[in-house]
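Trainee: Take a look at the following structure, please.
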Amino acid sequence: MNKKIILIMGLPGTGKSTLANELHNMFLTDGHLCDWYNADKIRQEYNDWDFSYDGRLRQAERMKNLANMSENTVIIDMVAPLPEFRSIINPNVLVWMDTLVESRFEDTNKLFVQPENYNYRITSYDSQKWAKNIYEDVTENIIDFLLLYT
């Protein structure tokens with residue numbers, strides 16, 4: 001299978017984890033191997049709650065390393081407030097959750113830079129609809145790849 005890295009990013013409270021969960025379940029239900037890395041759960045595993053620039057940079061590198069270790073399609077859900085953090089992860093598919101103007105965390109609001117390039121800009125809380133669209137596009141590309149090279 002042609003592995004994909006899907007980054008679902010946006011301010012806290014925009015629905016990243018809800019969408020990631022829905023999308024992850026669609027992959028698994030259809031028998032596709034897929035790993036999901038939630039930034040908060042990974043921070044908890046590493047006991048690393050440093051939200052300074054260096055802490056956020058370390059988290060982006062950690063998420064990229066986890067994605068690289070997997071042979072499966074990977075879903076990463078994290079704020080990724082700056083373009084350089086998104087570049088570290090270098091996703092095949094970038095999903096921008098643009099459902100809030102600002103979050104409850106003022107420091108994150110000030111730091112956050114809206115992405116200029118993305119595959120999906122999600123503007124409504126409808127995780128089932130959006131997950132279905134993303135899933136169909138990603139798996140269609142995987143099927144096209146397999147047909148082309150088999």
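Trainee: Sort the following peptides by mean Cβ neighbour count (other Cβ atoms within 10 Å, averaged over residues), highest first: 114-120, 42-48.
Mentor: Ranked by mean Cβ neighbours within 10 Å, highest first: 114-120, 42-48.
Trainee: Using a 1.4 Å probe on the protein heavy atoms, what percent of the accessible area of the chain belongs to carbon and sulfur?
Mentor: Accessible surface attributable to carbon and sulfur in the chain totals 48 percent.
Trainee: Highest mean first, how do 125-131, 70-76 rank when packing is the count of other Cβ atoms within 10 Å averaged over residues?
Mentor: With the highest mean Cβ count within 10 Å placed first, the list reads 70-76, 125-131.
Trainee: While we're on this one: Would you work out the charge dipole size for the chain about its Cα centre, treating the Cβ of every Lys and Arg as +1 and the Cβ of every Asp and Glu as -1, and quote it to the nearest 20 debye?
Mentor: Values: 15 positive and 22 negative charges, 17 e Å.
With only Lys, Arg, Asp and Glu charged at Cβ, the dipole is about 80 debye.
Trainee: In square nanometres, what is the average projected area of the Cα convex hull of segment 35-101?
Mentor: Computed as one quarter of the Cα hull surface, the answer is 4.8 nm².
Trainee: Return the distance in nm (one decimal) between the two label points of a simple spin-label model at residue 28 and residue 121, each offset 7 Å from Cα along Cα→Cβ.
Mentor: 3.3
Trainee: Note down, for segment 16-150, the three equivalent ellipsoid semi-axes (square root of 5 times each alpha carbon gyration tensor eigenvalue), biggest first, whole angstrom.
Mentor: After diagonalising the Cα gyration tensor, the semi-axes are 26, 18, 14 Å.
Trainee: In addition: Arranged from highest to lowest average of other beta-carbon atoms within 10 Å per residue, in what order do the peptides 77-84, 32-39 appear? Show your work: numbers first, answer last.
Mentor: Details: 77-84: 22.0, 32-39: 18.5.
My ranking of the peptides, most packed first, is 77-84, 32-39.
Trainee: Once amide H atoms are built 1.01 Å from N in the peptide plane, which residues 5 or more positions from residue 122, or in another chain, come under 5 Å H to H?
Mentor: Here the answer is 96, 97, 98, since their amide H atoms fall under 5 Å of that of residue 122.
Trainee: Tell me, what is the per residue accessible area of the chain in Å², probe radius 1.4 Å?
Mentor: Computed with neighbouring chains in place, this is 55 Å² per residue.
The values are calculated or read from the model by the stated rules, or taken from the named source; none is laboratory data. Remember, predicted model here, so these are calculated numbers, not experimental data. Quick reminder, even Gly has a Cβ in these numbers, built from the backbone with ideal geometry, and neighbours come from all protein chains shown. To get the accessible areas, we keep the full protein, side chains included, count just its heavy atoms, and leave off ligands, DNA and RNA. Shrake-Rupley method; radii C 1.70, N 1.55, O 1.52, S 1.80 Å.
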